Structures are given as structure tokens and as C-alpha cells.
Amino acid sequence: MNSSTEAVTKKRLSETSEWTFELLDTYHREIARIAADFGLDTYPNQIEVISAEQMMDAYSTVGMPVGYHHWSFGKQFLSVEQRYKRGFMGLAYEIVINSNPCIAYLMEENSMTMQALVIAHASYGHNSFFKNNYLFKTWTNADSIIDYLLFARNYVTKCEERYGVAEVEMLLDSCHALMNYGVDRYKRPKKVSLDNEEKRQEEREEYLQSQVNDLWRTLPTDQQKSKSETEDPIWPSEPQENILYFIEKNSPILENWQREIVRIVRKIAQYFYPQRQTQVMNEGWATFWHYTIINRLYDEGLVTDGFMLEFLQSHTSVIYQPPFNSRYYSGLNPYTLGLNIYQDLKRMCESPTDEDREWFPDIAGGDWFTVIDFAMRNFKDESFISQYLSPKVIRDMKLFTILDDDQRNSLEVSAIHNERGYKHIRNALSEQYNLGSREPNMQVYKINRRGDRSMTLRYDAHQQRPLNQETNDVLKHLVRLWGFSVRIESLNEGGQYELTHECNSSV
Amino acid sequence: MTQIIDRRINGKNKSAVNRQKFIRRYKTHLKKAVEGAIAERSITDMERGEKVNIPSKDISEPTFGIGQGGIRDTIYPGNEEFTTGDTIDRPQQGSGQGKSVSDSGEGEDEFTFALSREEFMELFFEDLELPNMIKTQLAKEAQYKKIRAGYTSYGSPSNINVIRSMKGALARRIALAGPHKRTLHEAEAALQTLLETVDEGDDRVITLREEIELLKQRIRRVPYIDTFDIRYNNRIDQPVPTTQAVMFCLMDVSGSMGQYEKDIGKRFFTLLYLFLTRSYERIELVFIRHHTVAKEVNEQEFFYSRETGGTVVSSALKLTADIIKKRYPTSDWNIYAAQASDGDNWTDDSPACRDLLINTLLPQIQYYAYIEIAEDNSPAGSLWREYMKVSQASPRFVMQKLATPDEIYPVFRKLFEKQWHE
């Protein structure tokens, strides 16, 4: 390992902003050295240089390097292409895949500075996050994801050939509508490789079908008919939050291949689930590290002033947070929020104030790498904010909350960045990143097994927030998967469930 | 172990399949856009892409979500003037998201994207299929085309490549005569110096002179051009698929056909031509116009010169048959014919036309389309009546009436609708 004093004498890595493969390699080696120096733990890296068109391809399959084919990805591609061509949007400089080895795509249009930034950001920042955050460790399997995606694509293609493109498309449409309800939150999946996956898929198919038949064999016989419908015990015995899983295992109308496709969508949803819950943490972490690493490069005299100016220019535009009243405001910038929290943790360790000692007695004056490493490993956005959002960050970002109660005529500023407001803001922001409050809490509550086989979902309305306009359309998809009527009962203000949506199977 | 890989060489059209799926799914919208474009554009302008708008509600992918209303406590950055307890009037929309939504809600109402030229044309020609196309395509690869392939040292005199041959000869002459020339120059120089000291009769002078003479002969004996200098252009046979078609455009130019009628005819022919370019690599056009006599003309003359006189349609049909016989053997050509007329004909001529078509032309032709530029409810002339019989006799003959340019496309489609029963 080189110490920084030796490095001052080193030659600059490059003088111009042009990149070459040799230079990429050189820069990467220096960045890797610095990252290792700090103690970042990463998967091996695979850095791929791609063109703008390929970047748009990668965009449209939401970052899956091999995706099954579906029109919605085509729509995504068309809208990205359209906006890009008209100049409404720039493309991301990078896309990174949570896999082992960790694949990072760099755009060929980037300058050398941008490539270095992206390598530090994606190949070391995101990469170490993927490898070490507990959600990713629990829910995704970086070793087998590429294999699984490949399996999924081949399987979907095979089904298209065998059962018709339209049939498969309809099924996928319905699954996509419920994709967010295809994740397990409390169980740990088993790890499977491609070979096993294919073998097991066939076994599963047969087994499943036999199970389903058993389930519906409990249909009323003549003797049982005397029992009234109300006496039927509620089934499933506990509400099921993973709707797609429930469909896959229990739908009376799906065929084996359809169950497998439901499973594929569910698996992919599960793979992306941690990413949705760690946006602030993940982007903040990656931003923190590209900033730290590139600054170290500069301190060691390896890069030029011009390089550094360009770097700072892109860095500041990435973390720009427009104020709420700006026309560019579109919510909190996760890069900014995350970076601010990590940087403030570092500051607290290096130069703690009295306020820090009061709010974060365990952290103030500690070893900064240990502190942020712990924070990165053991939290998701919601808990991360509730644990680490400091008064200083609240002050710096001038955060405030507005209470909107539809029962009242006006909005109220419920807290601002002052002594009384810190805790309120911290709780409200944490709540805002709670996936449960961003997505309706919807569970399979009851199946009417003795009667019309209808499915009843229960929506636990949080803070009396109603369901959106699309709900009825989603129900149509659910009916397609379930085969019989589906209803939603929502929790009303009085704490009672009442029927709010219904979709009959004939529709 | 880190790898840096250049993926740019990989294909960029990974999304092509998904794009196609999208297009298939929204075909009805796209077709509407295409048909609109067809109505607006001029026919010569037909072959380019088109921008398509689809209402975004038609392509949304619904998911469960939380709607407006209820209680929410939302965080915003960049506070300037607010303190705790301030109240703000609810923005007009009554949205729970407050200002942010109304400010930045650009709200895409329409999903816009561009169809490429190919996709546009594909939709344009969809459902249209020329029948009996298979027939002559069986003759594919039966034709050969000569293409140049370097030079050979044997061949027929007509193929001699002069430049190449002369280059070879020059090189050979230099190679063979060069050494002798050098010796000759030396000998001549030696003779020159010798003559300064001695007389002409000196022995050494005589030997030198003999030697010089010998060298000169040797040099002379190197031929200016030799048989093995000669190079011939080489040509080899390359098979060409006979995806070729000839399209006969027949039009009545008698006095009753005005520029307006001709214009409609032209549009119809253009459309047919465009359609044929989709199916065949090479298409030849033959323009035949007629009044009482038929004449083969060029395109300009066909559409824009005027003649007057009566009408004898059979003259054009006869000429067509002749031209097919002379220039377009059916084994090599797919033959199509389209006729535009206002329906006037010399009454006695119409049965002759019918017989000509049934007996002579239709057996050789893939498809014959007849359009009559007249109101739909106008009384049927003799030609129309006789042609009705033809169309009953042969599925390869179709006829249609049209009166205005905007009827062309529907008529065109009707004429070339897929023949499901086939």
C-alpha cells in the first residue's frame, strides 16, 4: 500500500479528458487501491463500456442485463429514446447491476473524469453496498441472478412459442400489475443455481398442480351442503401479504406454465425489493465514496486541476437539491439526503459539537469508517433516517413539514428546522421512506371456498388515505389470475372494514 | 479480479423485440395515425416515418397505489419564511402533495413516439397481399448476371484489356532489353573514346562496331508485344433472383378524361407501384395510353399530354399482349396491369375487350386491376358490364369505381385485400 506522502511524487495519470482502455485500467487500479485502503469490501468488478443506444436498452429493462421480452419494456425504451433525442433528458452516466461479479456500465461518451467518477461511484460505492447491506444479503443472491434472469427469459420465450404470444403477454400484464405485491418480507429465500432451477421447475410444476387439485377437492359434497356458508372457517388462516405467491400456489385456474411465470415475476420483484427500500442509503453511500475517493486521488497529485474542476461540476449537479418552491423541485434528492447524512456522521466523528454529543453520544468522536460502515450494513432508508438524521442536516437542508389533512380547510406547517421540530421532522421523513406507507397495505384476507370462490382483499388504510384511481384496473388483472370475483374491503374511519371495490369474474 | 470489457461492438438493438411487441399491441392506434398521415400526405411523400400519439391512459400499467386524501405530513427542503403553526391555503387542486405537484406536474397526457419509415410502410401495406405471387417466384435463381472478376491470360479478343496488356508488355521489354541496353551504352562510349585516338579502320573499332551491331539486333529482337502480355477482362456468372415484376399502366386519354381524372389515375398507379416495390426488387413500368389507337409512351407523356378522339379499349389490351410476348416472358416476369378509365368505350368494342382479357391476357398476368373514375351510382357503361363478366370468370381480375382522391386508399385496400379463401 502506498502512503500519500510517497504518492505526491507520482506522475499524473492523464492530462487530457480523453479516455482509453489503458487509462481506464490505470485509473481503476488507483481507485481500487484507495478503496481497499479505506477498507471497502466489494464483489469483483466487471466494467463494461457501452454506447448511448445500449444505455437506453439497459434503461428500458429496468437494469436487468437479460430480461424477458414484454411490450412494457418497449414502451419504456420508446419514451426514453424520444426524450433523449429531443434533448429533454440526459442519460445516466452509469448503471450498475447487483450481481457477482458486479457489472457496471459506463457510457462511451463520458470523459475520463466522468469514467473515474463512475468507477468510484458504481464499482466501489454501490458494489460494497450490494455486498454488505443486510437487505441485499437477505433478499438477493448476487451469484445466481444472471443465471436466473437467463432462465426466466428462455422460459418466457418457450411459453410464447407453445401457448401463444398474446396469452403470455396477458399473463405478464396481470403479474406486472401486482408485482409490488409479489415480495416476501419476512422469509429467507433459498439459493439456487440455473441447473437446479430448471430441474426444480419441472418438479415444482407437477407438485403444485397436485396441491391445487387437493385444495379444491374440498368443494362441498352433499352432506356438507347442510352447513351454512358463514360457518366456513376463514381461509387462509392468516392474511397473505404476498399476493402473487398466493396466486401461484392457490389459483384454481392457472396452468403449470402460468404458475411458473407468476413465480418468475415474483422472483424478479423480490430481487428489486431491497433497492426500493434503500435508495437514499445506497445512492448516498455511493456518492459519499466517489467524493471521498476522487478527492484522495487529487490529494495524492494523481489528477490535474482541470480533472478536479470537471469532477466538482458534475458532483454538485448530481447533489443539487432544488428548494420546494423552485420549478425544478421534484421531491427530495436521495443523493443529497444520503450524502449529507453520511458526511455529517463523518464530521461528528472527526469534530463533534456539544449538540452531537447530546444527540449521538455513541458516535460523536468515534472512528468514522466504523460508524458509517455500520450504518450502511444494518439499516434501510426508513430506519437509517430515523437513526441518523441529525439536527445539522435538517438545518442545512432547511427541512420542514406540511400537514395535510383532508378534513381541514388549510395546510399547516407542522415543524421547521428548529429545536422543537427536529424530532418531528426526523419521524415524518422516516415515515415518508417507509415502503409500507408509500404503498397501500393490501393483503389476501379470505377466500370463499364454499360459495362463489371469490377472493377478498383487505386494505388497511393508513391515515385514512384512500386507494388510487387505478385500483379497479388492477382488480381486473387480479381476476384474470384468480379466475373468480375479487373484492377489496377498506378500513374506514370508524375502524370497520367496508367493501370499497369489487370486480366480478364475468368482466 | 477486475475485467474491463468493450461492449460497444455488441448489438445495440436489444430492445428491438420489445419495441415490436409494443407496436403490435398498439396497432389500432398506430393504424389510425398511419391512415391519417396517408390522407394528409402526397403520394410521392409516402415513404417516410410518422410521429404517433397515444393517449397515455391507454398504455398505462395500473398498480395499487395510495390516492389523494387522508392525512399526510410531507417533508420539503429549502424553507425560507415558514415557522411552525403557519397555515397555508390549500392549492386549488386540493392535492395532498401541495405545491410540488402543481409546480412540476408536467403531466404527459400523450405518449408520443416516432414510427420508422419501415414500420410506417409495413402498417400501410398491412393486410394487403398480392395473390398468385408464388407462381413466378419458383423461377428464382434461374437467372445469372455477369460481374467483373479481375483478369485472365486467355479469352476472346473482344475482351482484351489494352491498358493492362500494354503495362505487361512494357514491363517485359524493360526486363529483357535493359541489360543489353546498358552494355550497348558502354560499348558506344568506348567506341567514342577509341575514335578520338585511332582511325576508323582499327581492329578494335571494327570489333566494337560488330559488338554494337549485335547488341542492337538483340534489343530489336525483344518483341514490342508478346502473346503472354495480353490480358483479358474476366467476367463470371452470378445468380440473381428473379424477383422482378413489370407493371402495365393503361389509361384512357380520350377527350372525356380530364386532368382531374388522370390525376386520380396517377395516384392509383403510384400506390400500386409503391406496393409492388415492397414485393419485388426490380420493377419495370410500361405506360400505355390509348384513345382509338394505343401507344406506348413515357411517364411524362402518359400523364400530361392530351389527345382527343373516340375510345377503343381493346387497342390497349392488344398492345399489352404484344409487349408481353416480345419483352416480358412469363417465366421471368411477374406481370401486373392496372387500367384507369372513365368507362367510355366504343360499344361494339367492349365484348372484344372481355374476350381478349379472358383468353389472352389473364392467363399470363398475376393480377389485373381496373378502376373506373366515376360516381358509384352512375349508370354502368358497356365496358363496366362486360368487365363484370370477366371478374366473375377470373379471381385475378378486380374492378372498382371511385370518384375522388380520398377514395383511392379504401378502394386500393379493397382491391388487394388478402384473399383468405386462397
* To do: Apply 1/(1 + (r/R0)^6) to the Cβ-Cβ distance of A:Glu502 and A:Glu238, taking R0 = 25 Å, and write down the FRET efficiency to the nearest 0.05.
  => 0.60
* To do: Mind jotting down the distance between the C-alpha centroids of region A:472-501 and region B:372-404, whole Å?
  => 60 Å
* To do: Mind grabbing the interface size between B and A? I mean buried accessible area, both sides, 1.4 Å probe, in Å² to the nearest hundred.
  => 7300 Å²
* To do: Calculate the dipole size of region A:34-147 relative to its Cα centre from +1 charges on Lys and Arg beta carbons and -1 charges on Asp and Glu beta carbons; express the result in debye to the nearest 20.
  => 420 debye
* Asked: Quick one: if you stick a label point 7 Å off each Cα along the C-beta vector at A:Ser317 and B:Glu80, how many nm between them?
  -> 2.5 nm
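Classify region A:280-414 from the C-alpha gyration tensor, please: rounded if a/c falls under 1.5, else prolate or oblate depending on whether a/b exceeds b/c.
oblate
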* One-quarter of the Cα convex hull surface for region B:171-298, in nm²? -> 18.6 nm²
* Using a 1.4 Å probe on the protein chains only, how many percent of the accessible area of chain A belongs to carbon and sulfur? -> 47 percent
* To do: Set Lys and Arg Cβ to +1 and Asp and Glu Cβ to -1, take the dipole of the protein assembly as shown about its Cα centre, and tell me which of B:Ser158, A:Ser505, B:Val398 lies farthest positive.
  => B:Ser158
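What shape does region B:245-416 take by its C-alpha gyration tensor, where a ≥ b ≥ c are the square roots of the eigenvalues and a/c under 1.5 counts as rounded, a/b above b/c as prolate, and the rest as oblate?
Because its axes are fairly even, with a/c under 1.5, region B:245-416 counts as rounded.
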* **Average accessible area per residue (Å²) across region B:245-416 - probe 1.4 Å, nucleic acids and ligands excluded** => 41 Å²
* Asked: Rounded to the nearest 0.05, what FRET efficiency do B:Ala149 and B:Asp58 have when you use their Cβ-Cβ distance and R0 = 45 Å?
  -> 0.20
* Just grab the label-to-label distance for B:Lys167 and B:Asn298, each label 7 Å out from Cα along the Cβ direction, in nm (one decimal). => 3.8 nm
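Is the C-alpha gyration tensor of the protein assembly as shown telling us rounded, prolate or oblate? Criteria: a/c under 1.5 is rounded; beyond that, a/b larger than b/c is prolate, otherwise oblate.
oblate
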* Asked: So for region B:157-234, what are the equivalent ellipsoid semi-axes in whole Å, largest first, each being the square root of 5 times an eigenvalue of the Cα gyration tensor?
  -> 39, 10, 7
* To do: Step through the table entries B:Lys266/B:Lys401; B:Lys262/B:Lys389; A:Lys158/B:Lys21; A:Lys267/A:Lys476; A:Lys199/A:Lys267; A:Lys137/A:Lys199, compare each Cα-Cα distance with 19 Å, and write down the pairs that go over it.
  => B:Lys262/B:Lys389; A:Lys267/A:Lys476; A:Lys137/A:Lys199
* To do: Quote the relative contact order of region B:245-416 in percent (integer), defining contacts as alpha-carbon pairs under 8 Å separated by 6+ residues.
  => 24 percent
* Charge dipole magnitude, Cβ of K and R +1, D and E -1 - region B:245-416, Cα centre, debye nearest 20 -> 500 debye
* Leading residue at positive end of dipole, chain A (Cβ point charges), from A:Ile394, A:Tyr245, A:Met348 -> A:Tyr245
* To do: Taking the Cα centre of chain A as origin, work out the dipole magnitude from +1 charges on Lys and Arg Cβ and -1 charges on Asp and Glu Cβ, in debye rounded to 20.
  => 760 debye
* Structure fact -> On the formula 1/(1 + (r/R0)^6), with r taken between the Cβ atoms of B:Glu210 and B:Ile174 and R0 of 22 Å, the FRET efficiency rounded to 0.05 is 0.30
* **Net lengthening on full extension, A:Glu198/A:Phe21 (0.36 nm per residue, minus Cα-Cα)** => 59.9 nm
* Asked: With no solvent and one point per C-alpha, what does the Debye sum give as log10 I(q)/I(0) for region B:256-331 at q = 0.21, 0.24, 0.25, 0.26 Å⁻¹?
  -> -1.11, -1.28, -1.32, -1.34
* Structure fact -> Two pseudo-spin positions, 7 Å from Cα along C-beta at B:Lys181 and at B:Arg235, lie apart in nanometres by 3.7 nm
* Given 16 as the ceiling on other Cβ atoms within 10 Å, longest exposed-site-free region of chain A for chymotrypsin sites (Phe, Trp or Tyr not before Pro) in DSSP loops -> A:329-507
* **Helical mean residue ellipticity (222 nm; -39500 (n - 2.57) per DSSP H run of 4+; nearest 500) of chain A** => -16000 deg cm²/dmol
* Structure fact -> Taking a straight Cα-to-Cα line shorter than 13 Å from B:Lys181, and setting aside same-chain aspartates and glutamates fewer than 8 residues away, one finds B:Glu211, B:Glu213
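The values are calculated or read from the model by the stated rules, or taken from the named source; none is laboratory data. Predicted model only: the values in this text are computed from it and were never measured. Please note: Cβ atoms are built from the backbone with ideal geometry, for glycine as well, and neighbour counts cover all protein chains shown. Only protein heavy atoms, including side chains, enter the accessible area calculation; ligands, DNA and RNA are left aside. Shrake-Rupley method; radii C 1.70, N 1.55, O 1.52, S 1.80 Å.
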